[in-house]
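J.: Before anything else, here's the structure in question.
The values are calculated or read from the model by the stated rules, or taken from the named source; none is laboratory data. Just so it is clear, the model here is predicted, and its values are computed rather than measured. Please note: Cβ atoms are built from the backbone with ideal geometry, for glycine as well, and neighbour counts cover all protein chains shown. Ligands, DNA and RNA are excluded from the accessible area calculation, which covers all protein heavy atoms including side chains. Shrake-Rupley method; radii C 1.70, N 1.55, O 1.52, S 1.80 Å.
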Amino acid sequence: MASLGFFCPTNSLLFSRSSVVNHRRDLQTRFIVSSSTSSSELVTQSAVSGSTERPRTSLGLKNLTEIFWVDVHCAEGRPLNVGLQEPVTVGCSRLEKVENVAVRVELSNGCVGWGEVSVVPWVNWNQATALEEVRKACEFLSQGPPVTLNLVLHQISEMFPGSEFASVRAGLEMALVDAVANSIDVPLWRLFGGVSDSLSTAATIPTTSSAKAFDLAAKYCKLGFKTLEIKLGRNVNADIEVLQAVRAAHPHCLFILDANEGCTSKEAIEVLHKLNEKGVIPTVFEQPVHRDDWRGLCDVSNVARHKYGVSVAADESCRDLMDIQKLMEENLVDVINIKLSKFGVLGILEIVEMVKKSGLELMIDSVAQTRLATGVAGHLAAGLGCFRYVNISAPSLLSEDPVVGGYEVAGSKYKFVNSRGQGGFLKWDIFS
């Protein structure tokens, strides 16, 4: 079965090369999106345009994982180093440049998928460790027999369980799903649900001087950004002055204020009081207290909701599915912020199913990534169509763009015009 790397039932016999090509072409002509399907579901042409008496056949991502056989020809990870326009403060850490790992997976049918492992300050490992972990996983993928997509994703999850190497798991999932989508000539946004082929993102104002922050805000507003995420630094009064100045110059701009765990509950409530006095109340107050301060998070949320009409979002408090379950059951926040690097493709899809029944809103965010990772995140958000807040503008902070192709950027608007997969790739030889 080494020739299989395409759509086929699990009990299929070996196909000849010509029958493989014909089968793939047949699938390509029949795949369309039904506007009435649930998220991450595709239907065949005959199911929607044929007689209403004919049964409906789902060919969504979930079913695809069960019937698409993956035969990896080769897989590899290489350093993905990109400079920043200027240093960025992420949480309590200062980031001088992006030092991630690019993942390339090529199937036996010649289709290639791309992923990105984000090496962020809060993990207890560096790029060298990530490269070694990716190397072991790629060796496993290359040497293994053909298996269903569902099984290979399960194997990757078993290699990297939990949160310690979640970013490595995410990068490998991205590459595998991208390779499969390329194999059937379907763009990822369709595979994830097909709600839209575009979205609008917020822009992040990193922790910097007041003058620089104001200049960046003016730049982004001129480009058409409607929402800015501003980091709350050590000098709260200076940050409030920036918010006031931006609001005065751009009265229609909305704000997400990200405290990055920097306040006690008392301090966070005082910040809200000061913001209200100055007339610059944010739309969302993100992670106001330490990730483990559940009582403080609840206290801030209650004041923010009932006194100021502000939604509180959990970011660092969302480390795994158990955390998210707790946040929902105890009504601790209004918004759940999830990152692809933290939960992976499958994890995000599971979280979406959990949260959409709870009444909470969803935010998708990015950090220290190129357009490889934000491309997958964008396809996912556009395809699912269930994220109230989107901020995947991390590549705008980079000094260069190493990704060829991919989504089109027009200010805050991202449009996914590619015909298959996520659309972006690297000139691989440059990263040897």
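J.: Return the residues of the stretch 151-176 that are open to solvent by less than 30 Å² (accessible area, probe 1.4 Å) and assigned to a loop (DSSP other than H, G, I, E, B); say none if nothing qualifies.
T.: Result: F160, single match.
J.: Conditions first: (1) free of Cβ contacts under 8 Å to residues at least 40 places away in the same chain; (2) in contact with a Phe, Trp or Tyr (Cβ under 9 Å, 6 or more places away or on another chain); (3) assigned to a loop (DSSP other than H, G, I, E, B). V333 passes all but one, so which condition is the exception?
T.: Status for V333: all satisfied but (2).
J.: Of the conditions (1) open to solvent by 10 Å² or more (accessible area, probe 1.4 Å); (2) under 30 Å from V180 (Cβ atoms); (3) not in a loop (DSSP other than H, G, I, E, B), K357 fails just one. Which one is it?
T.: So the condition that K357 fails would be (3).
J.: Here is a further query. How many residues are open to solvent by less than 80 Å² (accessible area, probe 1.4 Å), part of a loop (DSSP other than H, G, I, E, B) and under 27 Å from K62 (Cβ atoms) when one looks only at the stretch 124-150?
T.: So the answer is 2.
J.: Please go through the stretch 360-397 and pick out each residue that is hydroxyl-bearing (S, T, Y) and open to solvent by 30 Å² or more (accessible area, probe 1.4 Å).
T.: If the condition is that a residue be hydroxyl-bearing (S, T, Y) and open to solvent by 30 Å² or more (accessible area, probe 1.4 Å), then S396 is the only one that fits.
J.: Oh, and also: When the residues of the stretch 48-72 are narrowed to those that are modelled with pLDDT under 75 and among the basic types (K, R), which ends up nearest to A179 (Cα to Cα)?
T.: Across the stretch 48-72, the extreme among qualifying residues is R56.
J.: Hey, can you tell me all the residues within the stretch 338-348 that are surrounded by fewer than 24 Cβ atoms within 10 Å (Cβ to Cβ) and either in contact with a Lys or Arg (Cβ under 7 Å, 6 or more places away or on another chain) or not in a helix (DSSP H, G or I) (or both)?
T.: Result: I338, single match.
J.: Of the residues that make up the stretch 224-238, is at least one buried (at least 16 other Cβ atoms within 10 Å of the Cβ), of a type outside the set (D, E), modelled with pLDDT under 85 and not in a loop (DSSP other than H, G, I, E, B)?
T.: Looking through the stretch 224-238, at least one residue is buried (at least 16 other Cβ atoms within 10 Å of the Cβ), of a type outside the set (D, E), modelled with pLDDT under 85 and not in a loop (DSSP other than H, G, I, E, B).
Per-residue answers, yes or no, for (1) within 13 Å of the chain's Cα centre (by Cα); (2) part of a helix (DSSP H, G or I):
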| position | (1), (2) |
| --- | --- |
| E350 | no, yes |
| M363 | yes, no |
| Q369 | yes, no |
| A373 | yes, yes |
| L380 | yes, yes |
| G383 | yes, yes |
| V390 | yes, no |
| S396 | no, yes |
| D401 | no, no |
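J.: Those residues that are closer than 22 Å to V271 by Cβ and open to solvent by less than 60 Å² (accessible area, probe 1.4 Å), I need them from the stretch 210-223; list them, please.
T.: The answer is S210, A213, L216, A217.
J.: Any idea how many residues of the stretch 290-322 are within 26 Å of the chain's Cα centre (by Cα) and basic (K, R)?
T.: Counting residues in the stretch 290-322 that are within 26 Å of the chain's Cα centre (by Cα) and basic (K, R) gives 2.
J.: If you don't mind, there's one more thing I want to ask. Mind telling me which of the residues S200, S196 ends up being under 28 Å from G411 (Cβ atoms), in contact with a strand residue (DSSP E or B) (Cβ under 7 Å, 6 or more places away or on another chain), in contact (Cβ under 8 Å) with a residue 60 or more places away in the chain and open to solvent by 30 Å² or more (accessible area, probe 1.4 Å)?
T.: So the residue among S200, S196 that is under 28 Å from G411 (Cβ atoms), in contact with a strand residue (DSSP E or B) (Cβ under 7 Å, 6 or more places away or on another chain), in contact (Cβ under 8 Å) with a residue 60 or more places away in the chain and open to solvent by 30 Å² or more (accessible area, probe 1.4 Å) is S200.
J.: Another question, then. Restricted to the stretch 73-91, and to residues that are polar (S, T, N, Q) and modelled with pLDDT under 95, which residue is farthest from E316 (Cα to Cα)?
T.: Q85
J.: Taking the stated definitions as given, is C298 out of contact with any Lys or Arg (no Cβ under 9 Å at 6 or more places or on another chain) and either touching a residue at least 12 places away in the same chain (Cβ under 8 Å) or under 20 Å from S358 (Cβ atoms) (or both)?
T.: yes
J.: Given (1) within 18 Å of R291 (Cα to Cα); (2) not in a helix (DSSP H, G or I), identify the lone condition not met by D323.
T.: The failed condition is (2).
J.: In addition: Could you list, in sequence order, the residues of the stretch 248-297 that are outside any loop (DSSP other than H, G, I, E, B), open to solvent by 20 Å² or more (accessible area, probe 1.4 Å) and either in contact with a helix residue (DSSP H, G or I) (Cβ under 7 Å, 6 or more places away or on another chain) or under 16 Å from L232 (Cα atoms) (or both)?
T.: A249, L254, S265, K266, E267, I269, E270, H273, K274, N276, K278
J.: So, in the stretch 92-110, of the ones that are open to solvent by 20 Å² or more (accessible area, probe 1.4 Å) and within 30 Å of E316 (Cα to Cα), which residue ends up modelled with the highest pLDDT?
T.: So the residue we want is R104.
J.: Would you be able to say whether some residue in the stretch 202-212 is assigned by the TED database to the domain that holds V242, under 26 Å from H379 (Cβ atoms) and in contact with a Phe, Trp or Tyr (Cβ under 7 Å, 6 or more places away or on another chain)?
T.: The answer is yes, given that some residue of the stretch 202-212 is assigned by the TED database to the domain that holds V242, under 26 Å from H379 (Cβ atoms) and in contact with a Phe, Trp or Tyr (Cβ under 7 Å, 6 or more places away or on another chain).
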